[in-house]
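Step one of this worksheet: look at the structure below.
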Amino acid sequence: MFSSPGVWREFFETYYRDEINKLAGKKLSGVRGSIYVDVTRDLLIFREGKLAEELFENPEVVISHAEQGLASAENIYDVSLEGCKVRFVNLPASRRILIRDLRAEHISKFVSIEGIVRKVTEVRPRIVKALFICTNCGKELLVDQEENVIKPPSECRACHSKGRFLLIPEKSVSVDSQRVKIQEYPENLRGGEQPQIIDVLLEEDIAGEVNPGDRVIINGIVKAVPRGSGKKLVHMDLQIYGNSVEVLQQEYEEFEITEEDKKKILELSEDPNIYDKIVRSIAPSIYGYEDIKLAIALQLFGGVPKRLPDGTEIRGDIHILLVGDPGVAKSQLLRYVHRIAPRSVYTTGKGTTTAGLTATAVRDEVDGRWTLEAGALVLADKGIALVDEIDKMRNEDRSALHEAMEQQTISVAKAGINATLKARCALLGAANPKYGRFDKYTPIAEQIDLSPTLLSRFDLIFVMTDDPDEERDAALAKHILETHELGEKLAKFKNVVASGLSKEALEVESEKVKPLIEPELLRKYIAYAKRTVFPVLTEEAKQKIIEFYLSMRGRIKENSPVPITARQLEALIRLAEASARIRLSDKITAEDVERVIRITKRSLEQIAIDPETGEIDIDYAFSGTSKSQRDRILTIKKIVEDLEKEFEKGVPEKEILEEAEKRGIDKAKARELLYKMRERGELYCPRPDHYRVVHSY
Ligand code: ADP
Ligand code: MG
């Protein structure tokens, strides 16, 4: 073997003089630090890379040589660097192994894996040298510990007794220790694949450095550990003993955009039809829904997150909710977005893991330690979370979602774990109506199982209904038949070159449902835009937004409904930013604003038109009570209150209805409201068909 403490000492003294002196300074003040060796930059070129080669193949021995070499390295303080750690970072791509490709051949080798932190345990001491006292002669014995279970000495060195030994934890040597689980990137999984996970042990100064949701590179030694608690099994699990952790900072670092890609992206961005092209590249096999597809395109590019001078943070992420009848391709759309988003997590409201949508503290199955586990929104940090059947989510998730959607963080405070995780993601949710089908004449808040406050956090809500419409039905049927026929032919063509199926003819047909921009290029386009483009409002754009806002608010004469609120105004700005980003433009123009006003109005028309007045009323959409209805409820309450003086044992229904009619509320409507108010506990019946007002004191 070429490696020896002497060679390492030479390596450090040649390449890491400054670092050694810093480390020595720390050591003087009582801190045992680590030195970080850049493998690709330095170790690979030292002595033709021989040390690097041996490190990869024989890490245990070589790292021990390196630490001995470091311990004796010369430094300006003339202190021994004994006990300092050598950590290796920036390994060459050839050492990068996918989690799913780890095999027996990697055991005891030095590798580099990349993924997202899924779970972290608390940092707790682990005994590495246990001190025992022989109960026979009283001799103290120090025993190295490498396994999960404490190993006593086999016999006493002094009296050779094989009897009882007493562990003295306070005199044993412990290090900080933590286990984390690293999962493959969720966006690299294709339809239904289970993510592969690996356990990593992090000790001493690298324990407690990562959080669930972080994207990291872990460099370390692959170990085989017995599976389960029975220690004699031949089946083993793989684990990595971490030597170093590199937390990836930059957005979409894992995306490599070549000069050639860049050329294509810039060319596309100048195409006057770029919006249409992108819309037609989102789920081309799904017919129609151009508005929704444009909204999704805007969501993929996203607005600009802002931090104001007073510390306030404003999200740039755009949240969209699709509500609609079963079978209108909601799930299909979500799955397609999962394929083109540069970073995304697909899940259902019920969730597939213990952490569900958000995050939670759970007991670790191995050692009972508390563990913080990331859910879908944390794993989707800086990307997009696709949540199907969001109306079915668990109650814990409902409350956490408020915080996640607005502050973009998730706080966990449970069992001594107190953490705030980042969840800077856009949310695309799909929900089914409670009663099977969507009813145009009932406010959306009453039809889906989401609270008004949650609903109001979505920038755009779209209703997808399956109303029979001859023209659309015919076109849809034709589209679906054509897609299926094409799929059949493609399947057939794979096996036989059947007569009548020329390759050219098939290609012509395929064009119809082929995305105009290949998913691979679109992903890069989005990543490039999010990384480099930060558009700013122009004067005319600002003017346009203000005009729209005022024109909607301006409808408030004395008593008319509240059409849009400041929340929708913020949504407009975010959407306009995204619109400029699609062109890779750093200026938000009047056209951008017009485009997003069109789409905002489309959304509001679907959810916020009070069917009685025909006007847009945000309260109608989110609280389920329109201004006109609220007025009538107040009127009825007043009537009951007034009549109570005459009818002490409750006001007869008949009297109320007659009085209501005099004030312009027809009897059927008044009866409906009476029942509703009783249900909500605003009125009560001391006896059948007699009403009194419930007073809250
Ligand atoms: P949902 O989640 O809304 O209940 P799905 O996404 O499961 O509906 O869609 C049901 C099926 O109907 C899918 O196979 C989908 O492709 C098809 N489908 C529905 N609407 C369309 C459409 N507009 N274009 C193409 N296919 C459609
Ligand atoms: Mg579905």
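The values are calculated or read from the model by the stated rules, or taken from the named source; none is laboratory data. Quick caveat: nothing in here was measured; it's all calculated off a predicted structure. Every residue, glycine as well, gets a Cβ built from its backbone with ideal geometry; the counts of neighbours run over all protein chains shown.
Selection over segment 272-295 of residues that are within 16 Å of ligand 2 (Cβ to nearest atom) and either under 21 Å from the mean Cα position of the chain (by Cα) or surrounded by fewer than 16 Cβ atoms within 10 Å (Cβ to Cβ) (or both) gives a count of 0. Take residue 173 and decide whether it is out of contact with any Pro (no Cβ under 7 Å at 6 or more places or on another chain), assigned by TED's automatic domain parsing to the domain that holds residue 139 and under 22 Å from residue 359 (Cα atoms). No; evaluated as a whole, the condition is false for this residue.
Of the residues in segment 446-453, at least one is closer than 25 Å to residue 605 by Cα, at pLDDT 80 or above, part of a helix (DSSP H, G or I) and among the β-branched types (Val, Ile, Thr). Considering (1) closer than 22 Å to residue 458 by Cα; (2) at pLDDT below 95; (3) in contact with a helix residue (DSSP H, G or I) (Cβ under 9 Å, 6 or more places away or on another chain), the lone condition that residue 579 does not fulfil carries the number (2). Looking at segment 104-111, is at least one residue over 30 Å from residue 357 (Cβ atoms), among the acidic types (Asp, Glu) and not assigned by TED's automatic domain parsing to the domain that holds residue 180? Scanning segment 104-111 turns up no residue that is over 30 Å from residue 357 (Cβ atoms), among the acidic types (Asp, Glu) and not assigned by TED's automatic domain parsing to the domain that holds residue 180.
In the condition set (1) in contact with an Asp or Glu (Cβ under 8 Å, 6 or more places away or on another chain); (2) aliphatic (A, V, I, L, M); (3) closer than 16 Å to residue 199 by Cα, residue 113 is compliant with all but (1). Residue-level check: of (1) surrounded by 15 or more Cβ atoms within 10 Å (Cβ to Cβ); (2) assigned by TED's automatic domain parsing to the domain that holds residue 196; (3) among the polar types (S, T, N, Q), residue 34 misses just (2).
For residue 670, the test of being modelled with pLDDT of 80 or more, surrounded by 12 or more Cβ atoms within 10 Å (Cβ to Cβ) and in contact with an Asp or Glu (Cβ under 9 Å, 6 or more places away or on another chain) is passed. Can you confirm whether segment 404-414 contains a residue that is within 16 Å of ligand 1 (Cβ to nearest atom), among the small types (Gly, Ala, Ser), closer than 25 Å to residue 608 by Cβ and outside any strand (DSSP E or B)? No, because not a single residue in segment 404-414 is within 16 Å of ligand 1 (Cβ to nearest atom), among the small types (Gly, Ala, Ser), closer than 25 Å to residue 608 by Cβ and outside any strand (DSSP E or B). From the list 448, 444, 390, the lone residue that is away from ligand 2 (no atom under 16 Å from the Cβ) and assigned by TED's automatic domain parsing to the domain that holds residue 315 is 444.
Every residue, every condition in (1) in the same structural domain as residue 446 (by TED's automatic domain parsing); (2) in contact with a helix residue (DSSP H, G or I) (Cβ under 9 Å, 6 or more places away or on another chain); (3) loosely packed, with under 15 Cβ neighbours inside 10 Å; (4) of a type outside the set (Val, Ile, Thr), yes or no:
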| position | (1), (2), (3), (4) |
| --- | --- |
| 653 | no, yes, no, yes |
| 661 | no, yes, yes, yes |
| 680 | no, no, yes, yes |
| 684 | no, yes, yes, yes |
| 687 | no, no, yes, yes |
